[in-house]
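The values are calculated or read from the model by the stated rules, or taken from the named source; none is laboratory data. Keep in mind it's a predicted model, so treat the numbers as computed, not measured. A quick note on method: Cβ atoms are made from the backbone with ideal geometry, for glycine too, and the neighbour counts reach across all protein chains shown.
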Amino acid sequence: MPRRPEDARRVIAPTARVEELRVAEEALASMQTQLTGALKQKERLAQLGGAVAKISHDLRNILTTAQLFADRLEGSADPTVARSAPKLIGSISRAVSLCESTLAFGKAEEAPPALKRFALAPLAGEVAEGEGLAGEGAVTCLIDVEPGLVLRADPEQLFRVLSNLMRNARQAIEATGQPGTIELSAGEDETEWWIRVGDTGPGLPAKAREHLFAAFQGGARKGGTGLGLAISAELVRGHGGRLELMRSDADGTEFMIHLPKDEDPSA
Ligand SMILES: Nc1ncnc2c1ncn2[C@@H]1O[C@H](COP(=O)(O)OP(=O)(O)OP(=O)(O)O)[C@@H](O)[C@H]1O
Ligand SMILES: [Mg+2]
């Protein structure tokens with residue numbers, strides 16, 4: 001058997017002149033072709049399984065956001081309805097396009113980023129609002145981003161990364177029962193943009209630190225799946241960048257996203 005049975009180029013080409021031999025070779029060729037197809041199908045299904053797990057993961061987060069706004073719409077008859085409605089629609093269409101792009105790409109890996117130039121400050125504000133961090137509460141959110149800071153990235157993917165980091169920070173702070181602060185700051189130099197998400201929470205538990213960015217393995221939170229950081233790291237890597245844990249101790253945790261500025265990832 002060939003070493004890589006799923007490789008269709010390795011299917012033998014019948015060459016024999018003797019009739020019986022030729023028939024046997026053709027039968028073998030068709031068996032190999034069928035096997036190649038079956039293996040490809042299996043691989044595709046395995047990848048789709050991975051993709052579905054990831055979709056449901058982030059879809060849950062996004063729909064929670066939609067729920068947050070929808071809750072306000074209930075009992076309407078007040079002017080906030082008018083303001084909440086477009087946000088609800090925005091959240092839901094975000095969920096829909098996430099499903100569509102993942103399904104269209106059909107792989108366990110994330111689709112390559114669709115790079116765009118956009119201002120970071122409004123996106124960061126939207127993430128905070130989506131995480132319920134905009135108003136009063138035990139968790140204070142500070143966004144320290146120059147309004148003029150424009151970066152080149154996939155805004156949908158960056159939205160997901162920042163949502164995961166800020167959600168983790170909020171959950172970690174809330175679990176302590178004490179008030180706390182999440183701070184998002186950002187900047188740039190000649191070679192890269194950086195975004196820092198820091199919190200005053202209790203720090204990463206040992207299990208999370210040992211399996212940092214590994215899917216399903218680092219989850220140390222009740223009700224968590226341990227996918228958020230793995231997805232975030234993968235999305236940042238897809239931009240040619242990296243997600244880094246800068247610090248984590250009893251005074252809090254700090255993650256840093258580095259996004260390179262070079263337009264050609266092979267350069
Ligand atoms: N800012 C933080 N402060 C403290 N612990 C954190 C922080 N961020 C992540 N963690 C820890 O790391 C673990 C892994 O985080 P990750 O986002 O990958 O998974 P999760 O939050 O458990 O589940 P989900 O897949 O729903 O995001 C968490 O369970 C939590 O224990
Ligand atoms: Mg998480």
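Name, by its number, the condition in (1) within 14 Å of ligand 2 (Cβ to nearest atom); (2) among the β-branched types (Val, Ile, Thr); (3) within 20 Å of the chain's Cα centre (by Cα) that does not hold for ILE195.
Only one criterion in (1) within 14 Å of ligand 2 (Cβ to nearest atom); (2) among the β-branched types (Val, Ile, Thr); (3) within 20 Å of the chain's Cα centre (by Cα) is unmet by ILE195, namely (1).
On the given criteria, is ALA220 crowded, with 17+ Cβ neighbours inside 10 Å and within 16 Å of ligand 2 (Cβ to nearest atom)?
Spelling it out, it is not the case that ALA220 is crowded, with 17+ Cβ neighbours inside 10 Å and within 16 Å of ligand 2 (Cβ to nearest atom).
Residues LEU235, LEU227: which one is near ligand 1 (Cβ under 8 Å from one of its atoms) and under 17 Å from the mean Cα position of the chain (by Cα)? Before you say what the answer is, go through the steps one by one.
On the way: LEU235 fails: near ligand 1 (Cβ under 8 Å from one of its atoms).
When all the criteria are applied, what remains is LEU227.
Give the residues of segment 160-186 that are in contact (Cβ under 8 Å) with a residue 40 or more places away in the chain and not aliphatic (A, V, I, L, M), sorted by residue number.
Across segment 160-186, the qualifying residues are ARG160, SER163, ASN164, ARG167, ASN168, GLN171, GLN178, PRO179, GLY180, THR181, GLU183, SER185.
Restricting to segment 153-167, name every residue that is within 15 Å of ligand 1 (Cβ to nearest atom) and polar (S, T, N, Q).
SER163, ASN164
May I ask you to list pairs of residues, at least six apart or on different chains, whose Cβ atoms are under 6 Å apart, with the first in segment 210-226 being at pLDDT 75 or above and the second being charged (D, E, K, R)?
Every condition considered, the pairs that remain are ALA220/LYS207.
Taking ARG170 as the residue in question, decide whether it is under 21 Å from LEU142 (Cα atoms), more than 10 Å from ligand 1 (Cβ to nearest atom) and of a type in the set (D, E, K, R).
When the stated conditions are applied, ARG170 does not pass them.
For GLN178, which of the numbered conditions (1) assigned to a helix (DSSP H, G or I); (2) more than 16 Å from ligand 2 (Cβ to nearest atom) fails to hold?
(1)
Out of GLY226, GLY240, I need the residue that is outside any strand (DSSP E or B), away from ligand 2 (no atom under 16 Å from the Cβ), assigned by TED's automatic domain parsing to the domain that holds GLY132 and on the phi > 0 side of the Ramachandran plot. Which one?
GLY240
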